[in-house]
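To start, the structure under review is shown below, and the notes come after it.
Just so it is clear, none of the values below were taken in a lab; they were calculated from the coordinates. No experiment lies behind these values; they were computed from the predicted model shown. Backbone-built Cβ (ideal geometry, glycine too); neighbour counts: all protein chains shown.
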Amino acid sequence: MLTVFTIPKPFRGPLAVTQRNALKSWTLLAPNVEVVVFGEEEGTAEACREFGMRHEAQIACNEFGTPLLNHAFNQAQSIARNDWLCYSNCDIILMSDFTRAFQRLKAWRDGFMMVGQRWDTDITEPLGFAKPEWEPRLLQRVSVEGKQRPPDAIDYFVFKRGQCVGLPAFAVGRPCWDHWLIWWMRHRDVPVVDASPVVMAVHQNHDYSHLPEGPQSVSKGIEVSRNRALVGSWRHLNTLVDATYVLDARCIRRTYRHWGVQFKRERTHLRNCLLVATGSWRYRLGLRKENLVRLLGLRRDG
């Protein structure tokens, strides 16, 4: 059916609970699901033995020890025993609604990429997977306590073997690669399907104590700058609103919402270029940026 692969963080402290919850949930997606775990982080081998998962300890890293995305994607497509794969961050719980969505899309078309928004929820304890009611209880809990993130929060990618080749050497856990990947699929005419209306992907909230510089490691620094450089252009940063199809409870429907979003991005880019180009003479005239925006009738898009 499906091979799920991931690159976990160290199994230490609260993250050990978070990642074990995610890994266990994947094993329950279908009887023949395969899970491949990359890397040598603390506790990875033990978790793989505990859940009977395939452990691929060797993964290419940059000089900071951060795994490289292209190596994981290439290896996974090479060794997976299934033709369909899913890369997921190791803090995401997937449930039967994910399996149903995937099966609907497989019956619809032979090639696509399925993506979706996540639901942030505070989960600090091991979930009782041995109890049959664990899933409906979690769905209820997330519906009440969770928060669905915006369309730029994407934590899983389902694709067919051979679709995700030639990826740049993005650093895992740093920004931009996920948004670039959606653009890359659209650029190669692969249907990108937003399954958010029917899939509740549960992101277990966590801190960034596993990183040397904490949250700043995912927003600043050399690795972040490199990822942004690999993107090539701001036009290559897409989100779920750029998906070409939407999967809802009734059907798989074509969507053209990305045209309006792209127009808005182009307008914002043009405005910013204009502000930069006119900076020196505006300074001499005492014309502040806010006044120019108001004068031109351009709304600030935040």
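What residues have an amide H closer than 5 Å to that of residue 80, excluding those fewer than 5 places away on the same chain, when H is modeled at 1.01 Å from N in the peptide plane?
Hits under the 5 Å cutoff: none.
What does the charge dipole of region 3-254 about its Cα centre add up to, to the nearest 20 debye, if the Cβ of each Lys and Arg holds +1 and the Cβ of each Asp and Glu holds -1?
That gives a dipole near 820 debye.
Please rank 24, 264, fewest neighbouring Cβ atoms within 10 Å first, as an exposure proxy. Mind showing how you got there, number by number?
Details: 24 18, 264 12.
In order of increasing Cβ crowding within 10 Å: 264, 24.
Could you put 129, 263 in order, starting from the residue whose Cβ has the fewest other Cβ atoms within 10 Å?
On the way: 129 15, 263 10.
The fewest-first ordering by Cβ neighbours comes to 263, 129.
Mind listing the phi-derived Karplus ³J(HN,Hα) values for region 230-239, rounded to whole Hz, using 6.51, -1.76 and 1.60 with θ = phi - 60°, and x for any glycine or proline?
Each residue of region 230-239 in turn: 5, 4, x, 7, 5, 5, 8, 9, 10, 10 Hz.
Considering only DSSP beta bridges where both residues belong to region 3-254, give the percentage that are antiparallel (nearest 5).
On the way: 16 of 35 bridges.
Antiparallel bridges: around 45 percent, rounded to the nearest 5.
Put one equal scatterer on each alpha carbon of region 1-77, apply the Debye formula with no solvent term, and list log10 I(q)/I(0) at q = 0.14, 0.20, 0.26 1/Å to two decimals.
Once normalised to I(0) and log-transformed, intensities are -0.43, -0.87, -1.31.
Under a 5 Å amide H to amide H cut-off, with H placed in plane at 1.01 Å, what residues pair with residue 90 once short-range neighbours are removed?
Answer set, sorted by chain and number: 7.
For the chain, set up a GNM with springs between Cα atoms under 10 Å and report which of 35, 192, 261 has the largest fluctuation.
Largest GNM mean-square fluctuation: 261.
In what order do 189, 83 fall by count of nearby beta-carbon atoms within 10 Å, going from fewest to most? Let's see the in-between values first.
Values: 189 8, 83 13.
With the fewest neighbours first, 189, 83 line up as 189, 83.
What are the radius of gyration and Dmax of the chain, computed over its Cα atoms and given in Å?
Spelled out, the Cα radius of gyration and Dmax of the chain are 20.9, 71 Å.
Can you list the residues, at least 5 places off or on another chain, whose amide H is less than 5 Å from the amide H of residue 36, using H built in the peptide plane?
Answer set, sorted by chain and number: 4, 5, 6.
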